[in-house]
Every structure is written in C-alpha cells, then in structure tokens.
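The values are calculated or read from the model by the stated rules, or taken from the named source; none is laboratory data. This one's a predicted model, so the numbers in the text were calculated from it and none came from an experiment. Don't worry about glycine lacking a Cβ; one is built from the backbone with ideal geometry, like all the others, and counts go over all protein chains shown.
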Amino acid sequence: MAPKRPKLAVWKFSSCDGCQLSLLDCEDELLAVADSVEIAYFLEASRAEIAGPYDISLVEGSITTPHEAERIRRVRAQSRLLITIGACATTGGIQALKNLRPLEELVGSVYAHPDYIKSLATSTPVLDHVRVDFELHGCPINKHQLLEVLNATLNGRKPNVPAYSQCVECKLAGTICVMVTEGKPCLGPVTQAGCGNVCPACDRGCFACFGPVEAPNTTALSVRLKTLGMDERSLQHYYRLFTNNAPAFREASKDHE
C-alpha cells in the first residue's frame with residue numbers, strides 16, 4: 001500500500017493572487033509537487049475541497065478585516081505547518097499604507113457608502129495574529145524559493161533561502177551597481193535578495209519587494225540617498241513601497257516625517 005501523501009492547502013486573504021500564481025507558474029515542477037502531496041484546498045487551481053486537518057498550509061495575503069482575523073485562526077488550528085508567502089502575508093503588503101491614516105478618513109474618501117465597509121484599522125502580517133512556521137518573502141515570491149521551501153518541508157530539513165542583501169545578488173550576477181555608477185536611488189543594500197536581480201539588471205534601483213534584510217542600516221543608506229538629491233519627503237515615500245509595514249522600513253520612513 002502506497003504511503004499517504006501529506007495534505008497541502010493554499011489560502012488567500014487580502015492580496016492580488018500574485019504569489020499563488022507563482023505556484024501555478026512552476027508548471028512542470030508543479031506536477032512533481034502534486035505527486036508528492038495531496039492538494040486538498042487551492043481555489044486558484046481547483047474547486048475541489050478536501051477537509052482538514054492539513055499537513056502544510058501556504059497562506060497568501062494580509063489580515064485586513066474582522067472576518068479574516070477569525071478565519072486565519074481557523075486555518076492555524078487545522079494546519080500542522082503554516083507558511084506565509086509574499087509581502088502581504090509577511091509584512092502587511094502595499095495595503096498597509098492605510099495604517100498611516102485614520103480608517104474613517106480613508107473609507108469615507110473612497111466609498112460612497114462607507115457604513116457598508118467592515119475593515120480593521122490596520123493591514124497586518126499573518127504573524128501578528130497566529131504562530132507562523134516559516135515566512136517566504138517577495139512581491140511576488142520567487143517560484144524557485146517556493147519549491148525549495150516545499151522540498152525542505154517534505155524532507156524534514158531547513159529551507160536554503162538566501163539571507164544576504166540584494167547587493168550580493170547583483171555582484172553574483174555581474175550587474176553593475178546603478179547607485180554607484182549612475183547615481184540612481186536603490187534600496188538594494190537594505191533589501192533581502194530573492195527576486196533574481198530583476199530591477200538592477202534592467203537599469204533600475206531595487207524597490208525592496210523582498211523586504212528588509214536582517215539588521216538593515218537604513219540610516220547610512222538615507223545619508224547616501226540624500227547625496228543623490230532625495231529630500232525628506234522623497235525618502236519618507238521611498239521606504240513606503242511594497243513592504244512599507246516591515247518594522248525596519250516603517251521606522252525609517254518615520255525618521256523623515
């Protein structure tokens with residue numbers, strides 16, 4: 001009798017679905033994943049639903065509504081391992097910009113009938129609500145990193161995901177530094193690698209899609225960015241991009257208010 005395959009569930013909260021699409025984008029590799037696990041819940045790919053508990057839950061999206069706050073607790077309760085994927089699930093995402101203004105002010109300016117809107121005052125990462133076993137960063141995530149995390153999880157080892165900065169990735173790829181050679185602003189020195197060197201290779205500065213590297217020196221970077229002509233307002237906005245609610249970037253942006 002064949003051994004029972006682990007149950008995999010993929011859940012969506014407040015997000016754009018980009019990280020789930022990264023899983024679907026694995027194509028041939030996804031077939032190998034499907035052979036190794038039983039995909040029990042993944043509405044982006046199938047309407048089929050198999051009841052929990054689940055061995056692995058992948059969670060995309062931030063917690064933005066009271067319903068989501070309740071639902072993530074239910075997901076956690078029926079998941080042996082819970083892995084958050086993407087900037088929304090790990091930092092609160094671009095929608096966490098709403099944390100900077102009173103909710104009533106924002107809702108009233110956007111919706112004709114704000115009394116119909118039920119939202120939390122903040123958009124927050126999953127970790128703020130339940131225990132998380134592993135966080136995979138990115139906007140969207142790197143599909144190769146996702147496969148590595150799944151492979152490691154299924155084989156009982158630690159995932160091999162880089163913890164160094166985007167600058168190291170640029171050096172490894174032979175990409176010329178756009179900040180040094182062209183004077184373009186870049187968040188690469190304080191950003192975790194993982195995107196595959198997309199923006200610097202296209203002659204653009206890094207936008208910190210993968211969030212802050214461990215112990216980022218945002219103070220030193222801000223000094224350098226000022227020499228490139230960025231004023232306080234520009235610096236404040238520069239740290240308020242896809243991963244604006246990550247503590248290091250949130251504090252850095254406050255330094256320039």
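If the condition is being within 9 Å of the chain's Cα centre (by Cα) and within 21 Å of residue 157 (Cα to Cα), then the stretch 48-85 contributes 84, 85.
Only one residue in 153, 243, 191 is buried (at least 19 other Cβ atoms within 10 Å of the Cβ) and within 30 Å of residue 5 (Cβ to Cβ), so which one is that?
153
Determine whether the stretch 51-62 contains at least one residue that is assigned by TED's automatic domain parsing to the domain that holds residue 118, modelled with pLDDT under 95 and not β-branched (Val, Ile, Thr). The answer is yes; a qualifying residue exists. Within the stretch 218-245, residues that are farther than 14 Å from residue 184 by Cα and in contact (Cβ under 8 Å) with a residue 60 or more places away in the chain have Cβ atoms under 8 Å from residues that are assigned to a loop (DSSP other than H, G, I, E, B) and of a type in the set (Phe, Trp, Tyr) in these pairs: 241/207; 242/207; 243/210, counting only partners at least 6 apart in sequence or on another chain.
In the stretch 21-42, the qualifying residues are those that are without any contact (Cβ under 8 Å) to a residue 60 or more places away in the chain and in a helix (DSSP H, G or I), and the one that is nearest to residue 79 (Cα to Cα) is 34. Evaluate the stretch 43-66: report whether one residue or more is in contact (Cβ under 8 Å) with a residue 40 or more places away in the chain, touching a Leu at 6+ places or on another chain (Cβ under 8 Å), closer than 20 Å to residue 143 by Cα and among the acidic types (Asp, Glu). Taking every residue of the stretch 43-66 in turn, none turns out to be in contact (Cβ under 8 Å) with a residue 40 or more places away in the chain, touching a Leu at 6+ places or on another chain (Cβ under 8 Å), closer than 20 Å to residue 143 by Cα and among the acidic types (Asp, Glu). Residues of the stretch 17-33 that are exposed (fewer than 14 other Cβ atoms within 10 Å of the Cβ) and more than 20 Å from residue 138 (Cα to Cα): 28, 31, 32.
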